[in-house]
1. Can you give me the P(r) profile for segment 237-391? Cα pairs, bins 5 angstrom wide beginning at 0, each as a whole percent.
2. Provide the gained length on full extension for the span S370 to V272, in nm with one decimal, where the gain is 0.36 nm per separating residue minus the Cα-Cα distance.
3. Could you tell me which trypsin sites (Lys or Arg not before Pro) in segment 402-463 are loop residues by DSSP with no more than 13 other beta carbons within 10 angstrom of their beta carbon?
4. Give the whole-number value, in cubic angstrom per residue, of the convex hull volume spanned by the C-alpha atoms of segment 406-519.
5. According to the Kirkwood expression over distinct Cα-Cα pairs, how big is the hydrodynamic radius of segment 48-186, in Å?
6. Determine the relative contact order of segment 150-201: mean sequence separation of Cα pairs under 8 Å and six or more apart, normalised by residue count, in whole percent.
7. Determine, from the Cβ-Cβ distance of A186 and V468 and an R0 of 51 Å, the FRET efficiency 1/(1 + (r/R0)^6), rounded to the nearest 0.05.
8. Tell me which aspartates and glutamates have Cα within less than 18 Å of K295's Cα, excluding those fewer than 8 residues away on the same chain?
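The values are calculated or read from the model by the stated rules, or taken from the named source; none is laboratory data. Every value quoted in this text rests on a predicted model; they were computed, and no experiment measured them. Because the Cβ atoms are built from the backbone with ideal geometry, glycine has one as well, and the counts that use them run over all protein chains shown. For accessibility, only protein heavy atoms count, side chains too; no ligands or nucleic acids. Shrake-Rupley method; radii C 1.70, N 1.55, O 1.52, S 1.80 Å.
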Amino acid sequence: MADTGKKNTFYGGAAILAVSTIVVKVIGALYRIPLGNILSDEAMADYNSAYNIYNVLLTVSTAGLPVALSKTISEANTLGRANQARKTFRVAFSTFLILGLISFFCMTVLSTPVSNILLSNPKAVYCVRALAPSLLCVCVVSAFRGYFQGHFNMVPTGVSQIIEAGCKLVIGLSLALYLVNVADMAEYGSVGAIIGVSTGSVAALAFISVLILRHQKQQRLQPAADRPDGARAIAARLFKLAIPITISSGASSLITLIDGNLVMRQLQSLGVSVDGLSQEAALDAARGLYGIYSKTLSIYNLPFAMMVPLTACIIPAVSACLSRKDGRGAQRISESALRVGLLLALPMGMGLFALGGPIIKLMYPSIDSSVAGPLLSILGLASIFVSLQLLCNSILQANGLVNLPILAVLAGGVVKLVVNYILVGNPSVRINGAPVGSLCCFIVVAGLEIFFIRRTVPHPPRFLRAFVKPFVASALMAAAAWASNGLLSRVLPNSLAVLGAIGIGVVVYLILVLVLHVISKDDLSLMPKGEKIAKILRIS
């Protein structure tokens, strides 16, 4: 399976995941943006608060093991050890199931203390409970996705993600609309939206379960002669790879959870001590501001979400090169993925920085854009460093350096908490300090990971070569979009002015990419039909 056609090229797998990711993100935008307009700022805060604890448990359950599973299976297939690959999956699946059941217990039985203590938002308790089934299902689905990715088959991952997002969109929005507009239960609209998330997870599990059963049946018809390692040895290897990755990713999610708690507490404290509000009124005021911030986060997430296809493919592809002692091949893939990743992340991040206010007003007409616009602009810059950090993470993990990202994330997390404590607690700054904390955090994390790669990876990618040209093209594009919006907004309504400015920015960027030769023939050679594309575009 890993040896044929399009799936065997690095960007063959990345292209499949890229298409599915784009579809999922479009569906996600069709879900989160209307949802933000359906729900009040306070209900949106409840939704996002529940997601913070959900992400911690989800990360602990699924961040490291799928990566370890895909890496281990990729190596086994490269060495022709089919039985080893099958047994590795069985061991991993049992582990995923146990972790899913533990997470389900935490989100149901312990939902009240979780909401009161960890989230500082007692009104999020029903959202926490509604997410519990999703955790259990996603844990199992992650085992299946890791298995298929280890075989360089990205289709099951992509299609299951689309099914999950589609169910979330249809069922989640329908329930939210019903509860808010028909049942007159606006305070439970966020719960209805989250029920859609859990339903999507169930549907994705049903789909990918059918595929895994078919694949396992086909595998049984192809006997292999290799003798697999024992279950304990396999489990030890998986956990040796997975635990550092889980700690790294889990630390990031845990810091986000602590930071959300900190921001809510600081805002509530200012409401009582500075504004003279009661505890209940201060809680609602804090929920309102945090809800506005949450709506900007739904747009901020888009740029680095595009890194998922690349990061999912870097690890098995680089691991396969290293198994063959092909250090230069590993460097080529890493550098190409870094350049293509920045080619996507930089223009999106710079575009958000230049047009933060107009974009947020376009997406959420009823939001207070004077508050939300500056938040989104700062988050746009932060998204660039998040994307860079994700790419660097994958390069380190693919080279077996899974402990170093933990140090970088912890250092960045400390910076984030300190900056947010100081700025959000300042009466003249308040919620505006939250995106500044994120920006400072990911500058530190990305900087440290670049330092680690340059000092420890035998054949590191050339960062300046990957960064300079995309940055120049993105900066000029952002300037063109900002100027265009300023001119168009004088004669057109905001929506048309923003869309026109984005269109002009895209055209300018594409021209600059070709003129500056941002993408190389080597990059295109890793893609399906890449040499034909290079010939058409006259890229040498």
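1. Final binned percentages: 2, 9, 13, 14, 15, 14, 11, 8, 6, 4, 2, 1, 0, 0.
2. Working it through step by step, the gained length comes to 32.9 nm.
3. Qualifying residues, ordered by number: R462.
4. 133
5. Kirkwood radius, segment 48-186: 16.6 Å.
6. In percent, rounded to a whole number, it is 43.
7. Result of the calculation: an efficiency of 0.55.
8. D41, E42, D46, E187, D259, D284, D368
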